[in-house]
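Each remark here refers to the structure printed beneath this line.
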Amino acid sequence: MHSAPEHFTQESIAMMQLTADQMALAIENAQLYMKLDASYRSLGKAKQSIETYSKALDHELEQGRKIQKNFLPHKIPHVTNCEIARYFHPALQLSGDFYDVFILSDHCVGLVIADVSGKGVGSALFMALQRSLIRVFSGYARLQYSLESRSQETP
């Protein structure tokens, strides 16, 4: 440092001030670049986590679709003088749409066509519950009918 106050001219002071301002901007830009770079790396890790989760979710939904497909009848019972056809194509991997065809007795067939409100996992689970209940209670009705018929036959 110089002890003489007149050692620096206004011009040299202005030049040093300009240089200091430019250095401050360069430092600020470097800091912002480091923050931006860290943000990009963090975003890349988040994207990778989301992709991993998405793949796992897709796998789970595919498993759910296969399970739901197994709830549908694989073979349609033959009904005399009647043709039953089927086509099932859900809008999403899982849905609340379902159908079922099953034999109730020698002369009766159970036919269910249903569309649970909504789409997705919740509707598919509700559909599975409904299908099971329909099957159980249709069997209960047959058993009850059979018991009532037999009780009327015996004196």
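As a size descriptor, the averaged projected area of the C-alpha convex hull of the chain was calculated at 19.5 nm². Which ordering of 60, 6 is given by a fewest-first count of other beta-carbon atoms within 10 Å? Result, fewest neighbours first: 6, 60.
Applying a DSSP loop filter and a limit of 12 other Cβ atoms within 10 Å to the trypsin sites (Lys or Arg not before Pro) in segment 47-87 leaves 75, 86.
Among 32, 94, the order by Cβ neighbours within 10 angstrom, fewest to most, reads 32, 94. Taking every lysine pair in segment 8-67 that is 8 or more places apart or spans two chains, those with Cα atoms closer than 23 Å amount to 5. In the calculated pair distance distribution of segment 26-94, what percentage of Cα-Cα distances lie above 19 Å? Across segment 26-94, Cα pairs with separations above 19 Å total 64 percent. Relative to the Cα centre, the charge distribution of the chain, modelled as +1 at Lys and Arg Cβ and -1 at Asp and Glu Cβ, gives a dipole magnitude of about 900 debye. Listed by chain and number, the aspartates and glutamates placed with their C-alpha closer than 12 angstrom to that of residue 75 are 100; residues fewer than eight positions away on the same chain are left out.
Values in this text are rule-based calculations from the coordinates and carry no lab data. Note that the coordinates shown come from a computational prediction; the quantities given were computed from them, not determined experimentally. Every residue, glycine among them, receives a Cβ derived from its backbone with ideal geometry; neighbour counts consider all protein chains shown.
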